[in-house]
Each structure stands twice: as C-alpha cells, then as structure tokens.
Amino acid sequence: MGAEKLEVLFQERIDANEKIEPRDYMPEEYRQHLIRQMSQHAHSEVIGMQPEGNWITRAPSLRAKKILLAKVQDEAGHGLYIYSATETLGVTRDELISRLHQGKAKYASIFNYPALTWADMGAIGWLVDGAAITNQVSLQKTSYGPYSRSMVKICKEESFHQRQGYEIIAAMAKGTSEQKEMAQDALNRFWWPSLMMFGPHDSDSPRTGNAMKWKIKRESNDVLRQRFIDKTVSQAELIGLTIPDPDLKWNEERGSYDFGEIDWDEFWSVVKGGGPCNLKRLNHHKKAHNDGAWVRKAAAAYAKKHLNK
Amino acid sequence: MCSKGPFLEEDIAQTNLGLDLLGQAEALLTYAAKLEDKGRTADDLVYKRPERDFYNFMLTEQPNTDFAFAVVRQYIMALYLDKVYETLSKVDDETLSGIASKALKEIDYHKSHLGMWVTRLGDGTQESHERVQTAFNELWMFVGELYEEDELDLKMQHSGYAISGDEMKSYLFSEISSSLAKATLSIPESVYMTTGSKKGIHTEYLGYLLTEMQYLQRAYPDANW
C-alpha cells in the first residue's frame, strides 16, 4: 500500500476516534510529534520532583512529610509511565534523557521558578497540579493508545495532589498573619506562571494545527487555560485569597472570567533558559544521573556475570 | 535520595523505604507520646526536642556520601530492625505488637532489597566493589551501638521486650558475614566501636538534620500547618 493511501486510512481511523497502537501505521510526523510532546511531559514530571523535593526535609509535620514524599514519588512514577509509553515509539529512555541534558528537549517552564516557602508546596499542588490536571484530563482522549492510558492512570493520582496542595494553602490562609501572608505571596508568584503552563495563545501556537488534526491534542491552549481559571477563582475566594489580576472579572455573557494579559516576554525568556532555576534544575538532574552511572554499570555487570553462569 | 536516585525505578524504591520508616516512626512516637501522658504529640517529639534528647543510633544520622553508603547504612539498620520488630511482635502490649507486626513485613522487604544491592555492588564492577567496601569500612564503627546494653535494655530483656546484646551481635555478624561473602566483600577490620547515642551523644551530622527538619516549627511556634 502506498504511503498516501496509508495516511488517508490513518486519518480515517483518527476521525473515527480509534486509538493508534505502537505497531499500527503512523505518519513519521505523528510519531515525532508524540515523541517530542510525551518526552517533554515525562521530563516535566521528573524535573518537577525538585521544587517539592527541596521541601521534604523541612515539612512541618510527620503527616505533611509523608504526604509530600509520597507525592514526589508519584511524580517519579508518572515520569516512568510516560517514558515507557514514549519508548513504544521506538526511542529509548537513555536517548530521551540525553536530549534533555543537551538542551534539545524541554520540560514545563513552571519548574524553573523557585519554591521559597512552605506555602509554595500548597500553591504548587493547588495551581501547578491543578493546571496539569486540566491539561491531562483532556489528554485522556488523546489518539495514541499508550499515552492515553498513562493519562488515565496519572489523572487519578493528580487529583489527590491537587487536594493535598489546596489543603496546605487553605490551612495557612486561615492560620497566623505570617502564614496568611506566605499563602498570598505564593499565590501571587505562582498564578501567572500557572496560566503560562497552557502555552501560547492559540493564534501563536504553531504546532496546534497538526496536533488537533491528529487528535493528539483534543482542546486548544486557550480553552484549557480558561477552564482552569474558571474553576480556580472560586477556590481562591473560598479561602480568602486574592488572585493577583486586577483585570479578572466575571463575564456574564461568556459565562467565564475575563482576565489580564499574560507577560509573554517572561514566558519566552523562561522557556529559553532565563528562569531563576533553569540551570539548577538541569544540573541537579545531570548530577543525579552522572552520580548514578557507576550504580547502573554495576547492576548491568552483575546481571551479565550471573546470566552467563 | 528522592530525585537523586541512580535511575527512576530505584528512586521510587528508595522513597518507599523512606515512607515505611516514616510510618513506623510516626506509629511508635504517637504511642510513646500517649504513654508519656504529658499532652505532647508525635510531632512535638520530632520537632521540639533538642539534639541531646534524641537517642537515635549514630549510624542512622550518617550522610548519603554516595549510593553505597546509603545502601549499607540502611541494610545494617534493616537487619537490626528486623530482629527488634520480630521480638516486639510477640509482646503482650497489643499496640506495640501490632505496630511491630506491620513493620516486620515492611522491613523484610527492606532487607531483601538492600541485601540485593550489597550483592550487586560488591560483585558488580571494580568501582562498585571498592565503593561498597569503603562504605562498610567507614560505617563499621557505628555497628557496636546496635548491640550495646544499658539498664533500660536489661529491663526490657527481662520482660521479653528485647533480645540480649550478645544475641543481637551474633545475629548481626552472622547475617553480615554471609552477605559480604556472597558479595565478594570482606568483613571490615576490627575497629573501635563508638558509643553514646543512648545518652544523647551524636556525630555532628545530627545537628544539621534537626536544624533543617525543625525549622518551620521553631520559626513559627504558634502556627498550625
């Protein structure tokens, strides 16, 4: 069968909402798009362990410590599912990690912002995981089978994460004046970067066209961002915190909130490496990977010796 | 170790071990606070005691110098805890025997997981062999505390809540010897065994661990989290 005919059949399957599985025909651009998006997603989970990992030793109660540690462990698990799902596209985890280290693969820019206070553990769970869930719920319907199934599994855990974060920030918002100040400050710092997590406006998002056609992406950046804002505003009000956007206003006609313009210069500068923690995050990952090289070699050498016996 | 593991699967596994230990500590401290009956909570015991009131073994406060140190430290502790929980799982006190029975299942897994790493590292590459041997050599001086006895230990032995120091020593040495032999490693040369944690004496590492751990509770004593 000719390539053109295969592509027509492929698109017909996509249009009929069939899932594409690893051994099925897929156009090379579809495969490359998925590798790029899924590896970026997996790297985000793993790099995302750092800002919260940074607070495990300082968690203020045994309960908080256990929950945070379990949460960061979940992120590692999510990274693992998605790396494995990405490997079904014919690329190895080692290659993906090497692309990350070479700066050829990205991860979510939000993790390039520092986690400065305990309230940030609240804001990250509530806002960052909240934004991630909004995106991932939509991705449960993505056309690539292994990616879709990993999203279903991940969404179950993410909703627990969001509740965990909200619980932290809610407790602080009704705590001492210092705690309340920390909670508001965390919201102030994480609000706009969380909105940036959905990516550029649809009009400025060059890859959205194909991704929508192939149903890798099911809803656009702007639609998802609006959904996140609409559900989050009342959560902030409920605990007495103020969203740091003077232009935020309920629009009766649209049934949605209007909101202020995102600072896209900041977005692009952080994407391109200018965030406060870009270098630190990547160096931490490289160091852990390099420090672990002798352990991986030892495990491989041991397995080889004992396989041959 | 979390976010610092040699690969993701092991990062997750090491975090599991940490979560188990945290859960065991919480259960024991909650019960200790209840028995003490002075209105303190498990968190008070963790976050508000000064350094000299901590009686943890010095072995447990030694740093993660590299993966081998983390493995060896936790492996030796898993052997010790296995015996402790086995004994406590049979005592009359139902709370304690309940905590110990649950913990015993977890610690069995720690023993096997960490024991496998001792074997793999010892019998892996030249580098891993040297690193894990170094970890055993440098941590060996802290093993003596695990079978040291003070008056409280003797009282506990008397009521069946602990095994004797001699029994613990011979169990630890026999387990460690066979595991080292399997890993092609040598038993460290006999060294002076350090002592003091039962009197609240520590290495300098504990102070930093506590400073970090207790920071929020100390900086904001009136706050609830």
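Read-outs throughout are calculated quantities, based only on the coordinates presented, and are distinct from any laboratory measurement. Note that this is a predicted model, so its numbers are computed, not measured. All Cβ positions, glycine included, derive from the backbone under ideal geometry; neighbour counts span all protein chains shown.
Quick look at the values:
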read-out: Test: residue in region A:231-253 that is over 26 Å from A:Ser44 (Cβ atoms), part of a helix (DSSP H, G or I), free of Cβ contacts under 8 Å to residues at least 60 places away in the same chain and within 14 Å of another protein chain (Cβ to nearest Cβ); value: no
read-out: Any hit, region A:116-139, residues being more than 12 Å from A:His43 (Cα to Cα), buried (at least 22 other Cβ atoms within 10 Å of the Cβ) and among the hydroxyl-bearing types (Ser, Thr, Tyr); value: yes
read-out: Top-ranked residue of region A:63-75 - restricted to ones that are within 7 Å of chain B (Cβ to nearest Cβ) and not basic (Lys, Arg), ranked as farthest from the chain's Cα centre (by Cα); value: A:Ala64
read-out: Region A:76-92 residues that are at positive phi and more than 10 Å from chain B (Cβ to nearest Cβ), paired with ones that are surrounded by fewer than 22 Cβ atoms within 10 Å (Cβ to Cβ) and of a type in the set (D, E, K, R) (beta carbon under 8 Å, 6 or more apart); value: A:Gly90/A:Arg31
read-out: Condition met for B:Gln24 (out of contact with any helix residue (DSSP H, G or I) (no Cβ under 6 Å at 6 or more places or on another chain) and within 14 Å of chain A (Cβ to nearest Cβ)); value: no
read-out: Some residue of region B:129-143 being assigned to a loop (DSSP other than H, G, I, E, B) and either polar (S, T, N, Q) or touching an Asp or Glu at 6+ places or on another chain (Cβ under 8 Å) (or both); value: no
read-out: Selected residue (only one of A:Met182, A:Met197 is touching a Ser or Thr at 6+ places or on another chain (Cβ under 6 Å) and crowded, with 16+ Cβ neighbours inside 10 Å); value: A:Met182
read-out: Index of the failed condition, A:Arg31 passing every other in (1) in a helix (DSSP H, G or I); (2) within 14 Å of chain B (Cβ to nearest Cβ); value: (2)
read-out: Filter result (without any contact (Cβ under 8 Å) to a residue 60 or more places away in the chain, within 8 Å of another protein chain (Cβ to nearest Cβ) and either assigned to a helix (DSSP H, G or I) or under 11 Å from the mean Cα position of the chain (by Cα) (or both)) within region A:34-62; value: A:Met49, A:Gly53, A:Ile56, A:Thr57, A:Leu62
read-out: Residue count for region A:71-99, restricted to those that are in contact with a Cys (Cβ under 8 Å, 6 or more places away or on another chain) and either farther than 29 Å from A:Gln164 by Cα or surrounded by fewer than 20 Cβ atoms within 10 Å (Cβ to Cβ) (or both); value: 0
read-out: Hits in region A:12-28 (condition: in contact with a Lys or Arg (Cβ under 8 Å, 6 or more places away or on another chain) and part of a helix (DSSP H, G or I)); value: A:Ile14
read-out: Hits in region A:146-163 - residues which are of a type in the set (Val, Ile, Thr) and in contact (Cβ under 8 Å) with a residue 40 or more places away in the chain; value: A:Ile154
read-out: Scope region A:2-14; condition exposed (fewer than 11 other Cβ atoms within 10 Å of the Cβ) and either under 27 Å from the mean Cα position of the chain (by Cα) or among the basic types (Lys, Arg) (or both); matching residues; value: A:Lys5
read-out: Single residue of A:Lys272, A:Lys297 found to be within 14 Å of another protein chain (Cβ to nearest Cβ), assigned to a helix (DSSP H, G or I), free of Cβ contacts under 8 Å to residues at least 24 places away in the same chain and not hydroxyl-bearing (Ser, Thr, Tyr); value: A:Lys297
read-out: Scan of region B:31-49 for residues that are surrounded by 17 or more Cβ atoms within 10 Å (Cβ to Cβ) and facing chain A (nearest Cβ under 10 Å), ordered by number; value: B:Ala42, B:Asp43, B:Leu45, B:Val46, B:Tyr47
read-out: Subset of region A:169-189 [at the interface with chain B (Cβ under 9 Å from one of its Cβ atoms) and in contact with a Lys or Arg (Cβ under 6 Å, 6 or more places away or on another chain)]; value: none
read-out: Residues being surrounded by 22 or more Cβ atoms within 10 Å (Cβ to Cβ) and closer than 16 Å to A:Ala299 by Cβ - total across region B:121-146; value: 6
read-out: A:Ala108 being more than 10 Å from chain B (Cβ to nearest Cβ), touching a residue at least 12 places away in the same chain (Cβ under 8 Å) and small (Gly, Ala, Ser); value: yes
read-out: Condition met for A:Phe267 (in a helix (DSSP H, G or I) and closer than 18 Å to A:Ser44 by Cβ); value: yes
read-out: Breaking point among (1) over 23 Å from A:Met212 (Cα atoms); (2) within 13 Å of the chain's Cα centre (by Cα); (3) away from chain B (no Cβ under 13 Å); (4) of a type in the set (A, V, I, L, M), for A:Ile154; value: (1)
read-out: Options B:Ser179, B:Ser174, B:Ser190: the member that is loosely packed, with under 13 Cβ neighbours inside 10 Å and in a helix (DSSP H, G or I); value: B:Ser174
read-out: Among (1) outside any loop (DSSP other than H, G, I, E, B); (2) within 14 Å of chain A (Cβ to nearest Cβ); (3) closer than 24 Å to A:His306 by Cα, the one test that B:Gly124 misses; value: (1)
read-out: Given (1) surrounded by fewer than 18 Cβ atoms within 10 Å (Cβ to Cβ); (2) of a type in the set (D, E, K, R); (3) within 14 Å of chain A (Cβ to nearest Cβ), number of the condition B:Lys155 does not satisfy; value: (3)
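Quick grid of which residues meet (1) of a type in the set (Gly, Ala, Ser); (2) over 25 Å from B:Gly124 (Cβ atoms); (3) surrounded by 13 or more Cβ atoms within 10 Å (Cβ to Cβ); (4) within 14 Å of chain A (Cβ to nearest Cβ):
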residue: B:Leu185; (1), (2), (3), (4): no, no, yes, yes
residue: B:Ser197; (1), (2), (3), (4): yes, yes, yes, no
residue: B:Gly200; (1), (2), (3), (4): yes, yes, yes, no
residue: B:Thr203; (1), (2), (3), (4): no, yes, yes, no
residue: B:Gln214; (1), (2), (3), (4): no, yes, yes, yes
